[in-house]
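Remarks on the structure that follows.
The values are calculated or read from the model by the stated rules, or taken from the named source; none is laboratory data. This structure is a prediction, so every number in the text was calculated from the model and none was measured. Cβ placement follows ideal geometry from the backbone for every residue including glycine, while neighbour counts extend to all protein chains displayed. Just the protein is used for accessible areas: all its heavy atoms, side chains included, with ligands, DNA and RNA removed. Shrake-Rupley method; radii C 1.70, N 1.55, O 1.52, S 1.80 Å.
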There are 2 protein chains.
Amino acid sequence: MNIADMAMSTSPWLCGEGDYAESVISSRVRLARNLAGFPFAHRAKPEELREALTVSRQALEGANTLKTADFMLMSDLGDLDRQFLVERHLISQEHAEKSAARAVVVGDNEMLSVMINEEDHLRLQSIRSGFQVMEAWRIVNRLDDEIDKQVEYAFSYEWGYLSACPTNTGTGVRASMLVHLPALVHTGQIDKVLHGISQMGLAVRGFYGEGSEVMGNLFQISNRTALGTSEIDIVQSLEKVVKQVLDYEGKAREILLRDARSQIEDKVWRAYGILKYCRKVAHREVMSLTSAVRLGLCLKMVDSISVVGLNSMVFKSQPAHLQKRFGRQMGPSERDVVRADTVRKVLAEEEAKTGTG
Amino acid sequence: MNIADMAMSTSPWLCGEGDYAESVISSRVRLARNLAGFPFAHRAKPEELREALTVSRQALEGANTLKTADFMLMSDLGDLDRQFLVERHLISQEHAEKSAARAVVVGDNEMLSVMINEEDHLRLQSIRSGFQVMEAWRIVNRLDDEIDKQVEYAFSYEWGYLSACPTNTGTGVRASMLVHLPALVHTGQIDKVLHGISQMGLAVRGFYGEGSEVMGNLFQISNRTALGTSEIDIVQSLEKVVKQVLDYEGKAREILLRDARSQIEDKVWRAYGILKYCRKVAHREVMSLTSAVRLGLCLKMVDSISVVGLNSMVFKSQPAHLQKRFGRQMGPSERDVVRADTVRKVLAEEEAKTGTG
């Protein structure tokens, strides 16, 4: 699927499947792999990078799992397309900013993808809706096995998979879940919970920005190191901690309902009203408004929009998504108008589907 | 009509009739009159006040215009009922706070009313929807003539009608219009315009509070003195100035549409969305939101609510109105919830009437 086609639809992995999908937006597992006999990407000469790209590409083309995947050279893509892929969670910001001998391979449904010559020669990623980190691991592991048959990975029996960054050395696994924690934020308990997560050896960060900059009450929880434990242990440990955090969030929601029901209902429904009627809106505000409505959905206050609808609203609202969708470059002010139109349209479609509105 | 009945409906004079009714909420003429042979109310002894009340009451009962009017002794009314009458524009805050030998007479449709023993023995008021100050004058003048046949007014051939306050001495006329000036406020021109009005010898004040405290961009423009000119001249002079101000407001709206159309549309529709979906809302915020929607109505951006609907929303949202309507005392927090329900209901009815929503 090319970028123009992608731009017309939401990422298929935002389908709302998986456990806890109202609160766990997505699960992701990423593997860092490097080719034996090549310098790491940041130390490689241009011709070595190109050679690593060729070898990687051939290996990926031989992988059954990626049979119908799209190969895109970063140097073939304009700035807007690259930003689109960043918003799509298919490449990193760093990958978008460098282009020579860099590429991305996007598999069916965008659930499986590979960056070539990012920090490591190969960054394999599987992303799924909801609480499905084990399933994501299973899928990316299969691709890893397929590639392993065709290239020699940089591997040490002492250290495991070698990586350009020490934190990835070992299993090369980074497993993460993107979790919506509005009640912990509202009740002021979030810092304590984040601190606890950190104490358990996991990393957590606001999805966009840090600390008070967190948009939409979204937090990404992931393993911090990839060494000295098995892949399955990493994934299971993440699952355990996220379940614990969801439990805290659930208790915080009960407290909100008990102590501040009318304030929460008001916050939820005002957010709904603004999304439904705004004529200009920034992406940051969409994140905040959809967070409130998502909470309302979880608390059974709102039934006229689905999780998928909210996910779609958030994704389609992103700057590059809007510009690709409407097929032209737009400044921030024009984007705010077009974003408001887009948000209203998604909400109207959702209301039509649910027979409300 | 008793207070309980009144509480179930909006003031009939908020019917949206009259010229410029989208921008001129109401026109009012008030006459200050005192009885000859009685001390002014603030200097009268209790028995003199009671006697003045008796004489006034008899005179009013003899007036044909007030044949079916309701007479209410302030001492018979509880605090909530008095506050209701203040919100209804039928008595002043001062009249609500003192009770001995004070009364109000409310004529049909609440368009004609008389306070007895407020600052003056008699305060005759006619209030009308829209730009109808001459009509209001005509009506209150007829009542004045009727009363004049039955009592002797305190009158001096040198000074005219004598009044407890020098600014009312002469004709005793205070003519005013309540005008909505959102564009002059948004474009920052309001201070200049208010200064100009003041220079022309008229008084202007924010409808609730002063300066930056003005709620809902509503301003009351009135004559400042009642002496040395005829009643008709006072009314015509007010008409002229208000037309001028409306002209300035119209020009400011054109500027807004030219320079900031999308911002204004956004402001208007967000306000609409919040009114439609809020679950808690303060009266001050209703004033502000309805001001934005009223502007949208004037600019033909909104057609799903009428001027009458907006007026009704503002009136029903007032604290004593809510409490009378629901038949019980409520604290601010409960009122905010009930107010939100009321506002949503009015909007839903308006949408049903206009076939939108």
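Label-point spacing at residue B:232 relative to the other copies reads 10.2 nm, in ascending order, each point sitting 7 Å out from Cα along Cα→Cβ.
With the label put 7 angstrom out from Cα along the Cα-to-Cβ vector, residue B:36 ends up 12.2 nm from the copy partners, going from closest to farthest. In plain terms, if you count all Cα to Cα distances in the protein assembly as shown and split them into 10 Å steps from zero, the share in each step is 3, 13, 19, 17, 13, 11, 9, 7, 5, 3, 1, 0 percent.
Which residue in B is nearest the B/A rotation axis when you measure from the C-beta atom, and what is the distance in Å? It is B:273, 2, counting Cβ atoms only.
Helix screen, chain B: DSSP H segments with Cα axial length of 24 Å or more and mean Kyte-Doolittle hydropathy at least -1.0 are B:231-277, B:332-354.
Stretched out straight at 0.36 nm per residue, the stretch from residue B:199 to residue B:284 would grow longer than its current Cα-Cα span by 27.6 nm.
To the nearest 100 Å², how much accessible surface do chains B and A hide from each other in total, with a 1.4 Å probe? Approximately 1600 Å², summed over both chains. Listed by chain and number, the aspartates and glutamates whose alpha-carbon sits under 14 Å from that of residue B:98, ignoring those within fewer than 8 places in the same chain, are B:76, B:79, B:81, B:118, B:119, B:120.
Pairs on different chains or at least eight residues apart, Cα atoms closer than 20 Å: how many lysine pairs in region B:126-262 fit? Walk me through the intermediate numbers first.
Details: B:192/B:240; B:192/B:243; B:192/B:251; B:240/B:251; B:243/B:251.
For region B:126-262, the number of qualifying lysine pairs is 5.
Element breakdown for the protein assembly as shown at a 1.4 angstrom probe: carbon and sulfur atoms account for 49% of the accessible area.
Between this copy and the others, label points of residue A:243 are 7.9 nm apart in ascending order, each placed 7 angstrom from Cα in the Cβ direction.
For chain B, compute Rg over Rh where Rg is the Cα radius of gyration and Rh is the Kirkwood radius from the inverse mean 1/r over Cα pairs. Don't skip to the end; give the middle numbers.
On the way: Rg = 20.8 Å, Rh = 21.2 Å.
That ratio equals 0.98.
Its Cα gyration tensor gives region A:198-333 an equivalent ellipsoid, and the semi-axes of that ellipsoid, as √(5λ) in whole Å with the largest first, are 30, 23, 12.
Rolling a 1.4 angstrom probe over the protein heavy atoms with all chains in place gives the protein assembly as shown an accessible area of 42 Å² per residue. In terms of the Cα gyration tensor, with a ≥ b ≥ c the square roots of its eigenvalues, is region B:80-160 rounded because a/c is under 1.5, prolate because a/b exceeds b/c, or oblate? Oblate, since a/c reaches 1.5 and b/c is not below a/b.
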